[in-house]
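The structure appears below as structure tokens.
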């Protein structure tokens, strides 16, 4: 009997546990999922909470109930992993030995790492929608907001769902229009990147959307300090490391991200930021062959997004089986990422890309599919329809018809080959 | 492929001026690349960052981001921006003769 220990019962950990449970007879493998609490949040829904279009408590379900029968769970905080001894030490004093370890503890927010961010302005003038509590308090702040300068800012990459702050801008534009006060609000998007997005084609399309909606774009702004400019409630300013300033009345900030704290206490497991160095195609950790990671927890150069955890899960379930059977791993994860981007007015864009192919125009998953990089009602409905699919299709680890882990190339418009233009 | 001449040697560079072969780089080239980036003189603190970038590139195959530099190089992010005002990770990588650090997505 082999024991597979999965750290983290979020998107990646849950769907992998369910896939592995179906793959192994009960007497062949014991599967244990460790997490510190019993609340599984549908994170894509948090974007809608500040605008009163979703309620945080309705996005949360019991974590353990998402696991198939025959999967053990252990509600405890992790102290550290000893990869030499193949053991996980828990803060309750217990230890779990394993044959295979899966790290799926995601990324956490580190607002305290930015000077002044958690000072007097925090939760008064500065909010984040990346937590259920933060999204709810931002909703109340937006309700009270009657006009002024709203700044949406990313402190630094990597962050979960890199398009979410852009979506927030588009939805905020829509929200203030509906309230009839758009002309009294200045909207500014502040990013450490040199454009609206990292990849050229998408950056052009998304940058064009910001401009069309009258949202100012401030690029290459690396936020060093968040300062109050008066009493709490009177706003403040973002100050970059190269001494530029962006004043705000209300700021929506995506804080720095890092891996889970126990990673830093586990010799050799993580990198400087607490993410797990992995082979980006097999998802095997570099520290030891019987350690794997998926989702936001890895250092793979893919977006930290649920779709990535989903596609990785299919590949990784196969690789865990291959590893335990003594076979060669499949280097088949291609970095496939798929994201709906809300653009306001009941429409959304879709982007689909991987390690090698940037988001392009066209259709997904083939010529007759959803339009890529173009706002459409259909994409918006797709985004809304995804929530039940998440709980009932993706987390149980079912294959979703037409959606495969490998990125489809058909349906995409390739940019002209630069060599062809001499 | 464009070329540039530093310290009397021709090296291949990409459109943004980053050396395409870090093996062609020598320490003698650094002051000249730095001047083209508006840094008149390389101090020992600059060199600490440049050598750290080289070592990281050799160990990991990519240069560190500003945030990782601030955590691991012994130079704070604030000081990194004072040393390399136009963007520490990018400019230090160029002076150190290694590729532009991969942008996270």
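No value in this document is a laboratory result; all are computed from the given coordinates. Keep in mind that this is a model prediction, so the values were computed, not measured. Positions of Cβ are backbone-derived with ideal geometry, glycine not excepted, and every protein chain shown enters the neighbour counts.
Values as computed for the structure displayed
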read-out: Residue-span extension gain [residue B:27 to residue B:59] - 0.36 nm each, minus C-alpha spacing; value: 9.7 nm
read-out: Relative contact order (percent, whole number), segment B:3-95, Cα cutoff 8 Å, 6+ residue spacing; value: 23
read-out: In degrees, nearest ten, helix A:164-179 long axis to first principal axis of chain A (Cα); value: 40
read-out: Shape category assigned to segment A:162-201 from the gyration tensor of Cα positions, a/c cut at 1.5; value: prolate
read-out: Equivalent ellipsoid, segment A:273-316 (semi-axes from 5 times Cα gyration tensor eigenvalues, Å); value: 16, 12, 7
read-out: Semi-axis lengths, Å, segment A:122-185, gyration tensor of Cα atoms, sqrt of 5 times eigenvalues; value: 20, 14, 10
read-out: Paired Rg and Dmax values of segment A:178-235, which use every Cα atom, in angstrom; value: 14.4, 43
read-out: Inter-label distance for residue B:51 and residue A:60, nm, one decimal - labels placed 7 Å from Cα along Cα-to-Cβ; value: 5.1
read-out: In degrees, nearest ten, helix A:377-389 long axis to first principal axis of chain A (Cα); value: 40
read-out: Inverse mean reciprocal Cα-Cα distance (Kirkwood Rh) of segment A:337-421, Å; value: 13.8
read-out: For segment B:1-55 versus segment A:146-207, the gap between their alpha-carbon centres in whole angstrom; value: 36
read-out: Share antiparallel - DSSP beta bridges, the protein assembly as shown, percent rounded to 5; value: 50
read-out: Interatomic Cα distance distribution for segment B:3-95, bins of 10 angstrom, percent; value: 16, 53, 29, 2
read-out: Overall form of segment A:1-131 per C-alpha gyration tensor (a/c, 1.5; a/b vs b/c); value: oblate
read-out: Förster-model FRET efficiency, 35 Å R0, residue A:229 and residue A:414, C-beta, rounded to 0.05; value: 0.10
read-out: Alpha-carbon Rg/Rh ratio, for the protein assembly as shown, with Rh computed the Kirkwood way; value: 0.97
read-out: Ellipsoid semi-axes in whole angstrom, largest first, where each is sqrt(5λ) of the Cα gyration tensor of segment A:135-240; value: 22, 18, 12
read-out: Added length on full extension, which subtracts the Cα-Cα distance from 0.36 nm per residue, residue A:216 to residue A:183; value: 10.5 nm
read-out: Global form of segment A:279-422, assessed from the alpha-carbon gyration tensor, a/c cut-off 1.5; value: oblate
read-out: Nearest-ten-degree value, helix A:132-144 long axis tilted from longest Cα axis of chain A; value: 10
